[in-house]
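Student: Please read through the structure below; I'll follow up with questions.
The values are calculated or read from the model by the stated rules, or taken from the named source; none is laboratory data. Predicted model only: the values in this text are computed from it and were never measured. Cβ: placed from backbone, ideal geometry, glycine included. Neighbour counts: every protein chain shown.
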Amino acid sequence: MGQAVAIIGTGQTRCGNRLDVSYPELIYEAVSMAFQDSGLSPKDIEAVVSGSMPPAMEGVHNPHLYWVDAMGAKGKSLVRIATCGSTGISLAHAGFYHVASGLFDLVLVVGAEKMYEGNPQGVMATVADPFFQRPFLAGAPGIFSLQSNEWAHRYGLEEKRTRMAAAQLSVRNHTDALYNPYAHIKVKITVEDVLKSRVIAYPVRILDVCPASDGACAVIMASERMVKKMGAKPAWIRGVGYCGEEAFFGEGDKVVWQSAIRAAKTAYKQAGITNPRKELDVAEVYNPFTFQEMLFYECFGFCDFGKAVELVENGVVMKGGELPCDPSGGVLSTNPIGATGLQRVAEVALQVTNKAGDHQIPGASTGLAHAMGGLDQFNGIMIISNSL
Amino acid sequence: MPQKVAIVDAVQTKHSERLEDNIREIVFKLVRQLLDRVGIDRSEIGTMISSSSDYGQGISCSNSYYYDAVGANHKSGSKAAEDSALAFIYGLMRILSGEYKTVLVVSITKCSEVPSVHTLTNLSADPFFQRPIGLNDVVTAGLQAREYMNLYGLTEGQLARVVIKNLGNAQKNPYTHRSGEFSINDILSSPMMVYPLREMDIASTSDGACAMLLATEEIARGLTDTPVFVEGMGWSVDSTFLGDRKLLSGPLPQAAKMAYQMAGVKDPFREIDVAEICDITSFNEILWLEQLGFCLPGEGGQLIDDGVTAINGKLPVNPSGGLLGANPYIARGLIRIAEASLQVKGEAKNHQVGHVKRALAHSCHGLGGQLHSVVILGK
């Protein structure tokens, strides 16, 4: 590997309906916070990596060029990275490679989305190919409900059990969100509320689904030599893994899901992790849908295939459990898509440096950040630790 | 450059008004052709970086549509959007990190399937101030050209000679879209679009794709007798609002400086043998050459007058025909790099320039050239 890469600052905006700020102002908010957190200023930065969902989300082509001044990027090397829902983790990976290549010592990474300005489901319907899938796979819930059903059917999981486990995850995420100052949906709910909430696309109910949010996230990455020079106590990037698969939903197995499995394996190998459930202290799993979160547990090796429901039932993935997941409230409570994957990275960096405030997992030293994108097509992982 | 990285080989489609194949079919055939030519299997590709545009493809998350078709199924990959030269640069960084030994870089644009590029570039202007007044790539280039004329006294004849040169060169390039022998009169009688730019001064759009294989020196030497090494690269961006910018001194000098420093180039005019430039209009070729440091500001017109940039001149510029020859909007940056590498390899055939040791490839996108990149290639 090239030079080691660290995260030395993060900034997240308050997420939700942010009609109080313009798109660039939203970016500026996150970027300013990352500078404040790191003690750096824009002049210190050498390169900027930015990205979001399809520009049709906000109706501005070339959003990176629209954000230049808000990011303090003028006169610097800038690139736009965009890989659908996995954009946030792809941004973090691109920032990592900028530094690991040896070309840059300080890189700013920015992801954002302002979903109240457009029609998110309308735009996401155009991710599906225009000929075969688009006519019947509009928007996100359709595809993820198909996957959830396939998962439950494959292992013959009892409907009552999976629904209860999903409801428990929903309650966990919504409760955790109350302790995250940046989270969007802040409501106190019970398992009963989830079980009774209306169906969006069977088996997915409204409380099993993420919102569409306005929000931005910024992360500052530094080389090992810069960390030494600054005397910082950063979060270190120990492993990166990404995998993509077939464009057509029907061509791949979405239960024993190769892109998720391979992305995790690659990252674990780099980080030297052989038993993720034991060696990880926290995981920010990309969970726009409760059922899908359980499927990810299996693909990431937190448990055997078909056994994720037990992880929930036994409290393993709950606060105080062996591997607490999404203590931030996760994607289920907050989802400005272009920022969402990067928020997972920022949240894990906060956890392993003991800066997560009210939602800190005590003693967390190594964590996993994840994002997923496309029509169940892309998965990306980053392993972050407080030591190299 | 911290480590030697090589272009092993690159392939292009025959660019045209309308490629009949579907996007997936085009990239599949192109990558197949590349792998067969190099003689390696898909399993030997480490990672893939592509470039495309969601608005420019009419499919959101544009890379998800062709990810498996380029051979990246179950591989890692990413997309550097809107300018394929940046996908090249990102691919190179992945090799420099030491994690990958080979990278596939692919880009495709089918301008025939989406609204006109003038509409799309108008959409890239901010929605409140610049979009309503109708700014787009051509209008901005016109504003630039007008300012330049006021300052330095550029003539329409000089602009026409750039068009004649590039479309003339394009006749020798089998992959290009537009070409022909034209007279100054032909150009000056084409309709005025945005003063002083006429229809023929402006690069029209094309369908086209390009695929390239990058590798570490060791791997590259095993795959080709003529590896082309990346000596330097630089990229830089300008402010969003035209009113905040100096239209005639954008971020290109900064991008060039970064690339020249990495490559150890001190006097670009003497040390660079051929250049492939993003001539979004005839005027922009002149302006970019100045900003790349090939001559002083205001002297760009002289280069074309004196035949310096002709295919047999001292500094041949766009022997491929440039964007005036073919302009697949997002793929064009990677095509410039592919063409520059052909020149270094000595495999450009009919449009080969003599004695090329070092070549420069330039790309840009955004209004008035908001984001520029420069890549220096050598033997």
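Student: When the residues of region B:24-48 are filtered to those that are touching a Lys or Arg at 6+ places or on another chain (Cβ under 7 Å) and of a type in the set (A, V, I, L, M, F, W, C), which remaining residue is surrounded by the most Cβ atoms within 10 Å (Cβ to Cβ)? Show your work before the answer.
Tutor: If we filter region B:24-48 for residues that are touching a Lys or Arg at 6+ places or on another chain (Cβ under 7 Å), which is where we start, we get B:35, B:45-48.
Subsequent filtering for residues that are of a type in the set (A, V, I, L, M, F, W, C) retains B:35, B:45, B:48.
Details: B:35: 20, B:45: 23, B:48: 28.
My answer is B:48.
Student: Residues in region B:42-68 that are more than 7 Å from chain A (Cβ to nearest Cβ) and either at positive phi or not in a helix (DSSP H, G or I) (or both): how many?
Tutor: 10
Student: Do you know which of the residues in region A:203-235 that are among the β-branched types (Val, Ile, Thr) and touching a Ser or Thr at 6+ places or on another chain (Cβ under 7 Å) is nearest to residue A:91 (Cα to Cα)? Outline the logic, then answer.
Tutor: Restricting attention to region A:203-235, the residues satisfying the condition of being among the β-branched types (Val, Ile, Thr) are A:204, A:206, A:209, A:219-220, A:227.
Then drop every residue that is not touching a Ser or Thr at 6+ places or on another chain (Cβ under 7 Å), which leaves A:204, A:206, A:219-220.
On the way: A:204: 29, A:206: 29, A:219: 10, A:220: 12 Å.
My answer is A:219.
Student: Report the residue count in region A:86-116 for those that are of a type in the set (A, V, I, L, M, F, W, C), within 12 Å of chain B (Cβ to nearest Cβ), within 14 Å of residue A:225 (Cα to Cα) and in contact with a helix residue (DSSP H, G or I) (Cβ under 8 Å, 6 or more places away or on another chain). So that I can check it myself, show each step before the final result.
Tutor: First, the residues of region A:86-116 that are of a type in the set (A, V, I, L, M, F, W, C): A:89, A:91-92, A:94, A:96, A:99-100, A:103-104, A:106-110, A:112, A:115.
Adding the requirement that they be within 12 Å of chain B (Cβ to nearest Cβ) leaves A:89, A:91-92, A:94, A:96, A:99-100, A:103-104, A:107.
Pick out the ones that are also within 14 Å of residue A:225 (Cα to Cα) and you get A:99-100, A:103-104, A:107.
Restricting the remaining residues to those that are in contact with a helix residue (DSSP H, G or I) (Cβ under 8 Å, 6 or more places away or on another chain) gives A:100, A:103-104, A:107.
Of the residues in that region, 4 qualify.
Student: Do we have residue B:160 as farther than 30 Å from residue B:125 by Cβ, among the small types (Gly, Ala, Ser) and either in a loop (DSSP other than H, G, I, E, B) or touching a Leu at 6+ places or on another chain (Cβ under 8 Å) (or both) here? Even if it seems obvious, please write down each step before you answer.
Tutor: Numbers: farther than 30 Å from residue B:125 by Cβ: no; among the small types (Gly, Ala, Ser): yes; either in a loop (DSSP other than H, G, I, E, B) or touching a Leu at 6+ places or on another chain (Cβ under 8 Å) (or both): yes.
Judged against the criteria, residue B:160 is not a match.
Student: The conditions are (1) surrounded by 15 or more Cβ atoms within 10 Å (Cβ to Cβ); (2) without any contact (Cβ under 8 Å) to a residue 12 or more places away in the chain; (3) not aliphatic (A, V, I, L, M), and residue B:150 fails exactly one of them. Which is it?
Tutor: Residue B:150 satisfies every listed condition except (1).
Student: Given the options A:108, A:91, name the one that is within 27 Å of residue A:7 (Cβ to Cβ), over 17 Å from the mean Cα position of the chain (by Cα) and at pLDDT 95 or above. Break it down stepwise before answering.
Tutor: Working: A:91 fails: over 17 Å from the mean Cα position of the chain (by Cα).
After ruling out the rest, the residue left standing is A:108.
Student: Let me ask something else. Quick check on region A:260-313: of everything there that is touching a strand residue (DSSP E or B) at 6+ places or on another chain (Cβ under 6 Å) and within 14 Å of chain B (Cβ to nearest Cβ), which residue is farthest from residue B:78 (Cα to Cα)?
Tutor: Top of the filtered list is A:271.
Student: May I pose another question? Is there a residue in region A:49-58 that is in contact (Cβ under 8 Å) with a residue 12 or more places away in the chain and surrounded by fewer than 24 Cβ atoms within 10 Å (Cβ to Cβ)? Don't jump to the end; show me each part of the working.
Tutor: Initial filter on region A:49-58 (in contact (Cβ under 8 Å) with a residue 12 or more places away in the chain): A:49-54, A:56-58.
Next, only the ones that are surrounded by fewer than 24 Cβ atoms within 10 Å (Cβ to Cβ) stay: A:56, A:58.
Yes.
Student: Cβ contacts < 6 Å: first residue more than 7 Å from every other protein chain (Cβ to nearest Cβ), restricted to region A:231-246; second residue modelled with pLDDT under 95, any location; separation 6+ or different chain. Result?
Tutor: Qualifying pairs under 6 Å: A:236/A:388.
Student: While we're looking at this one, here's another question. Are any residues in region B:76-87 more than 7 Å from chain A (Cβ to nearest Cβ) and either outside any helix (DSSP H, G or I) or touching a Pro at 6+ places or on another chain (Cβ under 6 Å) (or both), and if so, which ones? Reasoning before the result, please.
Tutor: Taking region B:76-87 and keeping what is more than 7 Å from chain A (Cβ to nearest Cβ), we get B:83-85, B:87.
Hit for region B:76-87 is B:83, nothing else.
Student: Among the residues in region B:111-133, are any assigned to a loop (DSSP other than H, G, I, E, B), out of contact with any Gly (no Cβ under 6 Å at 6 or more places or on another chain) and either β-branched (Val, Ile, Thr) or away from every other protein chain (no Cβ under 14 Å) (or both)?
Tutor: Within region B:111-133, one or more residues are assigned to a loop (DSSP other than H, G, I, E, B), out of contact with any Gly (no Cβ under 6 Å at 6 or more places or on another chain) and either β-branched (Val, Ile, Thr) or away from every other protein chain (no Cβ under 14 Å) (or both).
Student: Residue by residue through region A:42-66, note down the ones that are at the interface with another protein chain (Cβ under 8 Å from one of its Cβ atoms), outside any helix (DSSP H, G or I) and either out of contact with any His (no Cβ under 9 Å at 6 or more places or on another chain) or closer than 19 Å to residue B:243 by Cβ (or both).
Tutor: Across region A:42-66, the qualifying residues are A:53, A:54, A:59, A:60, A:61, A:62.
Student: Let me ask something else about it. Can you name the residue in region A:277-300 that is touching a helix residue (DSSP H, G or I) at 6+ places or on another chain (Cβ under 6 Å) and within 18 Å of residue A:365 (Cα to Cα) and is also surrounded by the fewest Cβ atoms within 10 Å (Cβ to Cβ) among such residues?
Tutor: A:285
Student: Moving to a separate point now. Within region A:67-85, how many residues are facing chain B (nearest Cβ under 7 Å), assigned to a strand (DSSP E or B), within 20 Å of the chain's Cα centre (by Cα) and of a type in the set (Gly, Ala, Ser)?
Tutor: The qualifying residues number 0.
Yes/no matrix, rows are residues, columns are (1) over 21 Å from residue B:291 (Cα atoms); (2) more than 13 Å from chain A (Cβ to nearest Cβ); (3) touching a strand residue (DSSP E or B) at 6+ places or on another chain (Cβ under 6 Å); (4) free of Cβ contacts under 8 Å to residues at least 40 places away in the same chain:
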| position | (1), (2), (3), (4) |
| --- | --- |
| B:329 | yes, no, yes, no |
| B:338 | yes, yes, yes, no |
| B:343 | yes, yes, yes, no |
| B:346 | yes, yes, no, no |
| B:357 | yes, yes, no, no |
| B:366 | no, no, no, no |
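Student: Go through A:232, A:201, A:218 for me and flag whichever is at pLDDT 95 or above and of a type in the set (A, V, I, L, M).
Tutor: Working: A:232 fails: at pLDDT 95 or above; A:201 fails: at pLDDT 95 or above.
Every option except A:218 fails the conditions.
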